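Have a look at the structure below before the remarks.
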Amino acid sequence: MALDLQFDPQAVARVTATGRINLEEMIPLVEKLYSDPRYHSPRRLLWDMLGGRAGLEANDVQALKEYVKNHRPAGRGRIAIVAEDDYSFGMGR
């Protein structure tokens, strides 16, 4: 599995997933995203899950939710998720 983080010229962050996604790879990606100076308010993030598949268990989703809640930068933002199926989209929400 791989998660790739890129920024376009308008400072929109794009995470592209390939393969099965797990918590051990999600947390470092979120840390990298939050520490990048280009990710500032109003934050804009696109999760491209077309090549990826959610492989998170319920306890992983809860752990990721808590991590984001405790480490998310202050300010406003929008997130879009593009997924191949309803399951991956729902897990991304």
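With the requirement that a residue be part of a strand (DSSP E or B) and farther than 16 Å from residue 67 by Cβ, what does the stretch 6-27 give you? Before you say what the answer is, go through the steps one by one.
Initially, the stretch 6-27 is screened for residues part of a strand (DSSP E or B), giving 6-7, 13-21.
Passing the criteria: 6, 7, 13, 14, 16, 17, 18, 19, 20.
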Checking residue 60 against (1) out of contact with any Pro (no Cβ under 8 Å at 6 or more places or on another chain); (2) assigned to a loop (DSSP other than H, G, I, E, B), which single condition isn't satisfied? (2)
Collect the residues in the stretch 68-83 that are open to solvent by less than 90 Å² (accessible area, probe 1.4 Å) and more than 12 Å from the chain's Cα centre (by Cα), keeping them in residue-number order. 73, 75, 77, 83
(1) small (Gly, Ala, Ser); (2) exposed (fewer than 12 other Cβ atoms within 10 Å of the Cβ); (3) closer than 26 Å to residue 76 by Cβ: which one isn't true of residue 17, the others all being true? (2)
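Within the stretch 63-93, restricting attention to residues that are assigned to a loop (DSSP other than H, G, I, E, B) and acidic (Asp, Glu), which residue is nearest to residue 9 (Cα to Cα)?
Narrowing the stretch 63-93 to residues assigned to a loop (DSSP other than H, G, I, E, B): 72-76, 83-85, 93.
Then keep just the ones that are acidic (Asp, Glu); that gives 84-85.
Details: 84: 26, 85: 29 Å.
Checked the stretch 63-93; the qualifying residue nearest to residue 9 (Cα to Cα) is 84.
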Candidate set: the stretch 39-61, residues that are loosely packed, with under 12 Cβ neighbours inside 10 Å and closer than 15 Å to residue 26 by Cβ; chosen: the one modelled with the highest pLDDT: 59
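Being in contact (Cβ under 8 Å) with a residue 12 or more places away in the chain and small (Gly, Ala, Ser): is that true of residue 58 here?
Working: in contact (Cβ under 8 Å) with a residue 12 or more places away in the chain: no; small (Gly, Ala, Ser): yes.
Answer is no for this residue.
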Restricted to the stretch 28-38, and to residues that are in a helix (DSSP H, G or I) and under 19 Å from residue 77 (Cβ atoms), which residue is most open to solvent (accessible area, probe 1.4 Å)? 32
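The values are calculated or read from the model by the stated rules, or taken from the named source; none is laboratory data. Quick caveat, the model's predicted, so the values are computed rather than measured. Glycine also receives a Cβ, built like all others from the backbone with ideal geometry; neighbour counts cover every protein chain displayed. Just so you know, the surface numbers come from the protein's heavy atoms only, side chains and all, with ligands and any DNA or RNA stripped out. Shrake-Rupley method; radii C 1.70, N 1.55, O 1.52, S 1.80 Å.
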